[in-house]
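Novice: Just dropping this structure here.
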Amino acid sequence: MRRILHSPGQGRLIYLDAKATPEFWDARWHAEGRAGRSKQDETFARITARYLPPGSRVLEGGCGRANKVKALADAGFAAVGVDYAAESVELARQVYPGLDIQVGDVRMLPFPDGAFDGYWSIGVIEHFWAGYD
């Protein structure tokens, strides 16, 4: 059963359906099928290019099916994707061979400080109850 909560003290509207576990995301991305390129992905790459030159290293945390990682790579960025849903990462690797897509947790990234010029994490932070801290 889906529940909607309002937390006035924190100014949040919260939708509770299921925990955002790796299994949840694997099932979601499996149900949606192969990621196709979209106009939104192209826009994402164009926005990145406003701030970073081609060749810049860009990480997408919570990359899911990696369609945005692919768009970044196609736009000339050294793109890396990280997601903690292992089956989704494996599927993304099959769909986009040659892309650097890794299993990992955005809260404990396995990269040294300064390894990237830019970082995207769209649709991830709202799944952490405590927020971005």
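Novice: Looking only at region 76-96, filter to residues that are at pLDDT 95 or above and outside any strand (DSSP E or B); which one of those is least open to solvent (accessible area, probe 1.4 Å)?
Specialist: Within region 76-96, the subset at pLDDT 95 or above is 76-82.
With the extra rule that they be outside any strand (DSSP E or B), the set shrinks to 76-77.
Numbers: 76: 38, 77: 13 Å².
Here the answer is 77.
Novice: Using the structure shown, decide if residue 113 is open to solvent by 20 Å² or more (accessible area, probe 1.4 Å), over 11 Å from the mean Cα position of the chain (by Cα), in contact (Cβ under 8 Å) with a residue 24 or more places away in the chain and over 19 Å from residue 23 (Cα atoms). Full working, then the answer.
Specialist: Values: open to solvent by 20 Å² or more (accessible area, probe 1.4 Å): yes; over 11 Å from the mean Cα position of the chain (by Cα): yes; in contact (Cβ under 8 Å) with a residue 24 or more places away in the chain: no; over 19 Å from residue 23 (Cα atoms): yes.
So residue 113 does not fit the description; no.
Novice: When you scan region 29-72, how many residues do you find that are at pLDDT below 90, closer than 16 Å to residue 87 by Cβ, of a type in the set (Gly, Ala, Ser) and part of a loop (DSSP other than H, G, I, E, B)?
Specialist: 3
The values are calculated or read from the model by the stated rules, or taken from the named source; none is laboratory data. Remember, predicted model here, so these are calculated numbers, not experimental data. Methodologically, a virtual Cβ is constructed for each residue, glycine included, from the backbone with ideal geometry; neighbour enumeration extends over all protein chains shown. Quick note on the areas: whole protein, heavy atoms, side chains included, nothing else; ligands and nucleic acids left out. Shrake-Rupley method; radii C 1.70, N 1.55, O 1.52, S 1.80 Å.
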